[in-house]
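Please read the structure below before turning to the comments.
The values are calculated or read from the model by the stated rules, or taken from the named source; none is laboratory data. Fair warning: this is a prediction, and the values are worked out from it, not measured in the lab. Glycine also receives a Cβ, built like all others from the backbone with ideal geometry; neighbour counts cover every protein chain displayed. Quick note on the areas: whole protein, heavy atoms, side chains included, nothing else; ligands and nucleic acids left out. Shrake-Rupley method; radii C 1.70, N 1.55, O 1.52, S 1.80 Å.
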Amino acid sequence: MEQNLFVYNTLTRKKEKFIAINPPHVGMYVCGPTVYSDVHLGNCRTYISFDLIFRYLSHLGYKVRYVRNVTDAGHLEGDAGDEGEDKISKKAKLAQLEPMEIVQKYTIGFHDVMRIFNVLPPSIEPTATGHIIEQIELVKAILARGYAYEVDGSVYFDVEKYNKTQDYGILNGRKLEDLINNTRDLGGQDEKLGKLDFALWIKAKPEHLMKWPSPWSIGFPAWHLECSAMSAKYLGQHFDIHGGGIDLMPTHHTNEIAQNVAACNKNPANYWVHTNMLTVNGQKMSKSLGNSFLPYELFTGNHSILNKGYSPMTVRFFMLQAHYRSTLDFGNDAMEASEKGFKRLMNSFSLLDSLVASGTTEVEIEPLLLRCYEAMNDDFNSPVLIAELFEASRIINSVHDGKLKINSTNLELLKQLMRIFILDILGLTNEQAAGDDLPKVLDMIVELRGEAKINRDYATSDKIRDGLQKIGFQLNDGKEGTTWSKI
Ligand code: AMP
Ligand code: ZN
């Protein structure tokens, strides 16, 4: 399977030709969400980026086993994920629910949001709590090879010892001394021997809710361990791609590599792929900074910084207009521009079936098709791809207006190009095409609601809006009137 795909690899800090270990199979592991609260739009950006990668690899003919876990235990509050309270247990106590009720609620919520954004489900979605035995076995292996130590029922990874024979900073490009100097002091409160050491197994305090027996204590596995254990279980000790947001790279992924190398002498993945952050006014969108918003708030426009709501596919399009390794700043103007661009693209897409071929052609589609593949082969460059699709859209409009002739071979190629890249690879759906007559019916309802508003009959106008939302249609009020979209 000869492909000319180049992928940026954080391990080597350059774009490398993608060579699968065992073609046509590709193993890809992506760190999934910690299901203690609703996913915010930043999280969605990361999963939409990997959805693009998954879709493109599959389109190229690779049989991708895509594993994306669900973290349902062991992720503590501290920066490194192994200090403070367990995020899920904390939420469970506050809500007076079982931790597994929290897990269930937010896992379902996450799946709903992924479906709305047309993100394909992964091949396997393992949970941390479903793999306690594998994690205990991994701790045993690391202990047996001398890279971990036990203190009063908890087990810690010995980073300095590991770094004597291995390069702990292989992924983040940092020297151990620098990392040590930049880490705060333990203040004598900690059981860890070294400043950079991290927990593998944590002895549970009596009040801790989610705990399991182990050779060391009744406790729970630490966060980094689950990804090492589950990726190895489903993809083997050495697989193709490991991904996640760039914020996971310095600690979570660095520790994952150390665990796998310590246990079996193998860096688990050939290509480490990291997506960049969605920001708001230049700051990472995050729950703790209080600048995050939920997908539904964006769809409804129900948030203080939003001028109006945007449809899910507009949001997906907005995200794909940036390269996955660039930061993307959220803003009303950028969203408005994306909404216009997406409409323009989909309008021409809808015209495809009505185009008529001529006996001669004034346009060749093959060079455009090749440029689309070139864009995606260059580290999944979706913004360049979208620019090429706008070129295709200009051609469609010109043919439609009778300003350009196209023969049947080129017309077929144009149709294929649009379907492959818009639907299959970018994963965009035509929200306006909700059925033949449905758009007309919805337009009429929107008009009736507009009249109710003019008559100050707000009860009716709200009833219409809420009723449509319940059956999956979102109304977006803007300066130029009201539009509807499917959610
Ligand atoms: P978490 O549930 O906090 O473990 O995060 C789930 C995923 O979302 C991780 O891969 C993070 O890197 C990613 N993520 C968190 N915040 C953002 C953001 N603002 N932009 C893009 N990805 C993010
Ligand atoms: Zn992970």
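Output the 0 to 90 degree angle, nearest 10, between the alpha-carbon long axis of helix 223-235 and the longest principal axis computed from the alpha carbons of the chain. Here the helix axis deviates by roughly 70 degrees. On C-alpha positions alone, give me the angle between the axis of helix 132-144 and the longest principal axis of the chain, in degrees, nearest 10. Computed tilt is about 50 degrees. Across every pair of non-identical alpha carbons in the chain, the mean reciprocal distance, once inverted, gives a Kirkwood radius of 24.8 Å. In the complete set of protein chains, residue-level accessible area for Asp178 is approximately 70 Å², probe 1.4 angstrom. Rolling a 1.4 Å probe across the protein heavy atoms gives the range 435-486 an accessible surface of 69 Å² per residue.
Highest-first packing order for the peptide set 254-265, 409-420 is 254-265, 409-420, based on the mean count of other beta carbon atoms within 10 Å. Rounded to the nearest 10 degrees, the inclination of helix 332-351 to the longest alpha-carbon principal axis of the chain is 60 degrees. What shape does the range 435-486 have by the C-alpha gyration tensor, where a ≥ b ≥ c are the square roots of the eigenvalues, rounded means a/c under 1.5, and otherwise prolate means a/b greater than b/c and oblate the rest? Prolate shape, in that a/c is at least 1.5 and a/b is the bigger ratio. If you look at the Cα atoms of the range 1-83, you get an Rg and a Dmax of 15.6, 47 Å.
Label-to-label distance, Leu193 versus Ile180, with points set 7 angstrom from Cα along the beta-carbon direction: 1.3 nm. A protection proxy built from the mean count of other Cβ atoms within 10 Å ranks the segments 375-382, 140-147, most packed first, as 375-382, 140-147.
Taking 19 Å as the cut-off, the amide N atoms of the range 444-487 that come nearer than this to a point 7 Å along the Cα-to-beta-carbon line of Asn307 belong to 475-485.
The slack between Phe6 and Phe390, meaning 0.36 nm per residue of separation minus the straight C-alpha distance, is 135.9 nm. Charge dipole of the chain (Cα centre as origin; +1 on each Lys and Arg Cβ, -1 on each Asp and Glu Cβ, all else neutral): 160 debye, rounded to the nearest 20. Subtracting the Cα-Cα distance of Asn22 and Ala337 from their residue separation scaled by 0.36 nm leaves 109.2 nm. In this label model, Lys266 and Thr360 are separated by 6.2 nm, measuring between points 7 Å along each Cα→Cβ vector.
Heavy-atom accessible area with a 1.4 Å probe sorts Trp216, Trp484, largest first, into Trp216, Trp484.
In whole angstrom, note down how far apart the Cα centers of the range 209-241 and the range 274-317 are. Going from one Cα centre to the other spans 32 Å. What is the percent carbon and sulfur in the accessible area of the range 279-432, measuring with a 1.4 Å probe over the protein chains and ignoring ligands? Looking at the range 279-432 in its full context, I get 49 percent from C and S. Taking all protein chains as they are arranged and a probe of 1.4 Å, the heavy atoms of Arg394 leave approximately 130 Å² accessible to solvent. Relative to the current alpha-carbon distance between Gln283 and Arg325, full extension at 0.36 nm per residue lengthens the span by 13.5 nm. Here Lys105 sits with roughly 120 square angstrom of accessible surface, probe radius 1.4 Å.
Treat the range 6-275 as a sphere of radius equal to its Kirkwood radius over Cα pairs and apply Stokes-Einstein at 37 °C in a medium of 0.692 mPa s; give the translational diffusion coefficient in µm²/s, rounded to a whole number. Diffusion coefficient, whole number: 172 µm²/s.
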